[in-house]
Amino acid sequence: MTASDKTTANAMWGGRFAAGPDAIMTAINASIGFDKRMAAQDIAGSRAHAAMLAAQGIITDNDAEAIGQGLLTVLSEIEAGTFPFRVELEDIHMNVEARLKEIIGEPAGRLHTARSRNDQVAVDFRMWVRDQCDAAIDGLRTLIRAFVAQAEAGADWVMPGFTHLQTAQPVTWGHHMLAYAEMLGRDLSRFRDARARMNECPLGAAALAGTSFPIDRHATAAALGFDRPTANSLDSTADRDFALEFLSASSICAMHLSRFAEELVIWSSAQFRFVRLSDRWTTGSSIMPQKKNPDAAELLRAKVARIMGATVALFTVMKGLPLTYSKDMQEDKEQVFDAADTLMLCLAAMTGMVEDMQANTEELRRAAASGFSTATDLADWLVRELGLPFRDAHHVTGTLVALAEGKGCDLPDLSLADMQGVHAGIRADVFDVLGVDNSVRSRQSYGGTAPDQVRAQIARWKDLLG
């Protein structure tokens, strides 16, 4: 740091320190390398603050006009990539204010009246996270539409449903796709809920206790798109719940994305062959020419760890802090920035894969009929048609499964005589429930896998998405 830089830094701090910080302190203390991402929010907050100060007679209209126009000049420099960011000024707030002073002179010093960096960073960060909630909501809506489109294409395609990754009962492709629409729909509501909860403005809380100036916090809240000002100045500067909620919602969403990424990895394997992914989302092997690796799905599955790690990291930062602001809280932003970037990348990649994937309907049908997948349909028939208690029906069905396994065939391949040898009351119409198509058509309960139910849910989702 040069002598002039030290003088500038000391001037920003006031007269408390006689000498500038050394290089190590500068490195650990500065946040401009990452918090410059909040430049637009910082300038919007400052312009609203200056306008309010003038409206309240705290500064003159001329000063407010000069500040407002000067801040627009600063913003244009940042957007053009010509702004001279300086590490010795620590953060985006001081960088903007110092440049503003160079542009408009003495009126710039009045901008910080009735404000602290504590409430300034709180409002900037809250606005930035609010924007990320909006971006996540838009990304989720697009991804849900992709799943709904897949569901509509395959509302009656039969595939195996799994428990323990073992064939359980036949389901439809559309039903499976809509399961992810439901998960992502809950993610959508979590981001909406988080956004609504964070939409209170901390600007005007000052350092921690509020201010003696006659400010109008409702005016700045409205100008910045908030529903209302925050109600407690201590909490206003100490709160990072909004960031934690965003990270928590992101982690749950990322977990859902990872689950489908895992299915894509399994389904696209030579052992399953349920789906085909194009060359856009796969890579080859450097040594094995036959390989087509689902790298995008695998990378998405791994990137989820970054989002979850960011969530744990910020919880750990915040868990031991007394009220109100501590410098520890400077470590909140990099975690959130990285998680937001990663989430948006994952949403975009997953949308591309879902839109691109092609189901192998023949392989899905073959697998749906394997593993005695209609055994539950047989048990249900025994209860419904013969009046057996379900536990007795379960036992009879288990015996028939063992018989079929011993013969090396599936349940529909057993003869009526074979079945009657286990239970004399079984009739020929039992075979009507043993085919996979009959099985899925019979699941007519609300939310079930029957194609009619799937199409009803597709219509519901289209209505919800608009």
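Summary of computed values
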read-out: Top-ranked residue of region 356-371 - restricted to ones that are part of a helix (DSSP H, G or I) and closer than 23 Å to Ala261 by Cβ, ranked as most open to solvent (accessible area, probe 1.4 Å); value: Thr361
read-out: Residues satisfying the stated conditions in region 108-129, i.e. in a helix (DSSP H, G or I) and open to solvent by less than 20 Å² (accessible area, probe 1.4 Å); value: Ala108, Asp119, Gln120, Val121, Ala122, Val123, Asp124, Phe125, Arg126, Met127, Trp128, Val129
read-out: Residue in region 311-332 that is nearest to Leu184 (Cα to Cα), counting only those that are modelled with pLDDT of 95 or more, within 21 Å of the chain's Cα centre (by Cα) and open to solvent by less than 60 Å² (accessible area, probe 1.4 Å); value: Thr311
read-out: Ala179 outside any strand (DSSP E or B) and without any contact (Cβ under 8 Å) to a residue 24 or more places away in the chain; value: yes
read-out: Considering residues of region 362-404 that are more than 45 Å from the chain's Cα centre (by Cα) and of a type in the set (D, E, K, R) only, the residue nearest to Trp157 (Cα to Cα); value: Glu385
read-out: Exclusive hit being closer than 20 Å to Leu111 by Cβ, of a type in the set (Lys, Arg) and modelled with pLDDT of 95 or more, set Arg228, Arg192, Arg217; value: Arg217
read-out: Options Ala368, Ala379, Ala402; residue that is in contact (Cβ under 8 Å) with a residue 40 or more places away in the chain, closer than 20 Å to Thr167 by Cβ and either among the hydrophobic types (A, V, I, L, M, F, W, C) or touching a helix residue (DSSP H, G or I) at 6+ places or on another chain (Cβ under 9 Å) (or both); value: Ala368
read-out: Selection count where residues are free of Cβ contacts under 8 Å to residues at least 40 places away in the same chain and either part of a helix (DSSP H, G or I) or under 22 Å from Trp128 (Cβ atoms) (or both), scope region 53-82; value: 17
read-out: Given (1) more than 21 Å from Trp128 (Cα to Cα); (2) in a loop (DSSP other than H, G, I, E, B), number of the condition Tyr325 does not satisfy; value: (1)
read-out: Candidate set from region 414-447 (those that are modelled with pLDDT of 90 or more and of a type in the set (Val, Ile, Thr)); member that is nearest to Ala155 (Cα to Cα); value: Val440
read-out: Single unsatisfied condition, Gly185 versus (1) assigned to a helix (DSSP H, G or I); (2) more than 13 Å from the chain's Cα centre (by Cα); value: (2)
read-out: Test for Ala359: is it over 24 Å from His176 (Cα atoms), among the small types (Gly, Ala, Ser) and at pLDDT 95 or above; value: no
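The values are calculated or read from the model by the stated rules, or taken from the named source; none is laboratory data. What you are looking at is a predicted structure, and each value in this text was computed from that prediction instead of being measured. All Cβ positions, even for glycine, are placed from backbone atoms using ideal geometry, and neighbour counts span all protein chains on display. When the accessible area is computed, the model is the full protein with side chains, heavy atoms only, and any ligands, DNA or RNA have been set aside. Shrake-Rupley method; radii C 1.70, N 1.55, O 1.52, S 1.80 Å.
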